[in-house]
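A short worksheet on the structure shown next.
Since every read-out is calculated from the coordinates, none of them should be taken as a lab result. The structure displayed is predicted, hence computed values, not measured ones. Here the Cβ is made from the backbone with ideal geometry for all residues, glycine too, and neighbour counts use every protein chain on show.
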Amino acid sequence: MKKIAKRLVALLLCGATLFTPATWAASDGVEVNHLGVNNTLVRVTGNGNYLLFPVEEANDDSRVQVLVDGNIVETIYVRLARSKTDYTVPYDLTPYKGKHVVFEIVTPQGRESVREAKEDACWKGLELADTLDTANQEKYRPAFHHTPLYGWMNDPNGMFYKDGQWHLYYQCNPYGSKWQNMTWGHAVSSDLIHWEHKPNAIKPNGLGTVFSGSCAVDYHNTAGFGKGTVLAMYTSAGTSQMQSLASSTDNGLTFDIYAGNPTLTLESEARDPNMFWNEKTGAWSLVLAHALDREMLFFSSPDMKKWTWQGRFGKGIGAQDGVWECPDLFELPVAGSDETKWMLLCNINPGGPFGGSATQYFIGDFDGKTFQADTDPSGNVPTKWLDYGKDHYATVSWSDAPDNRRTLIGWMSNWQYAADVPTRQFRSANTLPREVGLFRGADGEIYASCAPSPELEGLRDQLVRKVGKADIGWKSCSYSLPTAHDGICEILFEIDTRKSKAVEMTLFNQEGDKVVMKYNSERHTFSFDRRESGLVDFNENFPAVTVSPTFEEKGVISLRLFIDRSSIEVFGDGGRFVMTHLVFPRRPYSQLSFSSEGGNARLGDLKVYSLTTK
């Protein structure tokens, strides 16, 4: 016994811990109980609307189980800070006022002792707050594109129009700026420009997280939830992927999850249901991405609850290098004719024309059961791309849009580097809204056009530069761009190359950052080079040159550019070709220059508008 006692004394003198209380206060109203090297309880003992979690992006996710009065209400995943705090994310406590709230946390990092685990930065940084500061802290947050208030965002989904409001839902992570905890975020707009953030609409439940899907207004009360109810169909992503139904009687602000979910299951991975009321068949039509099989599946239903398989499309057709996702299907008139055609959007990742993710499409016919794609003169189904930039994915349209409009929006990023872009408070924006149409090219093929939505003219503030006509020679001529609001602007002009071979257009600043665009009238192509556009070294796939066909024959094109703080969108000839690119200049581009190759070209009707952020 004397030997044991001496050993205990020696250990204590050396600072070894045999037992210490596991409870201490992180801040007022927050109590931390360490249960082991990887397991911690956090108790909310004070008042506050939010518990702020410190995040360190380089860490792996910690599993956080939320217990209310002893019952698990949800499980979330947070990259809790270990050595430093990059930012904090809020957990909303307001639904649980007056209840006992505990967070049971399992951290992934290995620790040799509880003492070492206690040193993690997250435990000292936990705090309660009554309000959230969502003021922009980012140099590169867009001024006139939709972005989340904070956290990660990817696919737009579930969009519908009703009672003068455009509703935009989107995949988001409320607990960090990297992909996780997939939830439907929500924003509304009356003009497609100014967006009002709403509470998250559909959250993960026992069937899994909430992947992409679609919404439509049930004007005929087919589903039995009431005439004019908004129906949502989405993928529940748990151990497997299955399709679920929800309904809203308050115009999409809140949703009731259908008790009979899932409404559609398959033996293999399928996701991103896109449904619409088909007037020709008097039933609901559904397109479902059979992701790993690289095809689309078609179903029909009278009531959104019982689905019948009808057909499939896509095996061995189009771009097949990546998974197929986020479908959309709709009928459009072909410009200049009495003909109508169906357009099937198929988003693919990877396998885009310039690497990573992109949106391909097919033109053809749909009879309510299956899709038959048009073929080219050689009998093949051609691969067509909706946007020839690097940053245009998960493109889908609003349902029930007014005046028979088919308005699209996409995720303005690329899966190759979306988690690496130089922002932290938020990650990702949506593209500008676009009106899709069909036109017949000189080769006889039918192609899609994407023109900027007319509401975007409401962004214009002042016409700061106007040039009627000017010659473009081998020596470059430059025009200054607006400096207000970090140089955001809209630029319109026409290029006539009938007496030259090509025209080069360069956006640049005093730091040496530049974007080089080139119209080659001999090859009928337009290229975009962002290899020296500013910050480009955060990912090896970001520096890139992309090339688009121009679908013209006479050597004349019109261009319309929208420049935001971290993006450039180029629309050619009313949207017959489109390019969307992220850029991160060290300072805003302040000049636009023109030069010609192989003879003089002509610049016509140059207009530069400053844009308002109000």
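Dividing the helix sum by the residues of the chain, where each DSSP H run of 4 or more adds -39500 (n - 2.57), gives a mean residue ellipticity at 222 nm of -1000 deg cm²/dmol.
Mind pulling the angle between the C-alpha long axis of helix 2-13 and the longest principal axis of the chain? Nearest 10 degrees, somewhere in 0 to 90. Approximately 40 degrees, to the nearest ten.
Using alpha carbons only, what's the Rg to Rh ratio of region 454-611 with Rh from Kirkwood?
Result for region 454-611 is an Rg/Rh of 0.94.
Placing a pseudo-label 7 Å from each Cα along the Cα-to-Cβ vector at Thr612 and Glu511 gives an inter-label distance of 2.9 nm. Measuring nothing but how far apart in sequence close Cα pairs (under 8 Å, 6+ apart) lie, relative to its length, region 276-400 scores a relative contact order of 20 percent.
Placing a label point 7 Å from the Cα of Asp367 along the Cα-to-Cβ direction, the residues of region 296-331 whose backbone N falls under 20 Å from that point are 296-302, 308-315, 329-331. Spatial offset of region 54-89 relative to region 195-258 amounts to 26 Å, using the alpha carbon center of each. Peptide packing: for 300-308, 271-279, the average count of neighbouring Cβ atoms within 10 Å per residue gives the ranking 271-279, 300-308, highest mean first. Multiplying the residue separation of Arg111 and Asn39 by 0.36 nm and subtracting their alpha-carbon distance yields 24.8 nm.
Measuring from a point 7 Å past the Cα of Asp374 along Cα-to-C-beta, which residues in region 535-553 have an amide N at less than 18 Å? Answer for this model: 549-553.
Ordered by the number of other Cβ atoms lying within 10 Å of each residue's own Cβ, fewest first, Ile257, Ile488 fall into the sequence Ile257, Ile488. Positive end of the dipole of the chain (Cβ unit charges, origin at the Cα centre): among Pro95, Gly125, Leu345, the Cα lying farthest that way belongs to Gly125. The relative contact order of the chain comes to 10 percent, based on Cα pairs under 8 Å that sit 6 or more residues apart. Rounded to the nearest Hz, the phi-derived 3J(HN,Hα) couplings of region 462-471 under the Karplus curve 6.51 cos²θ - 1.76 cosθ + 1.60 (θ = phi - 60°) are 9, 7, 8, 8, 9, 10, x, 8, 7, 7, where x marks glycine and proline.
Please report Rg over Rh for the chain, where both radii come from the alpha carbon positions and Rh follows the Kirkwood definition. Can you show the working numbers first?
On the way: Rg = 27.2 Å, Rh = 26.4 Å.
Across the chain, the Cα-based Rg/Rh ratio is 1.03.
So what is the relative contact order for region 454-611, in percent, with contacts set as C-alpha pairs under 8 Å and at least six apart?
43 percent
Each part reduced to its alpha carbon centroid, region 457-492 and region 383-441 end up 25 Å apart.
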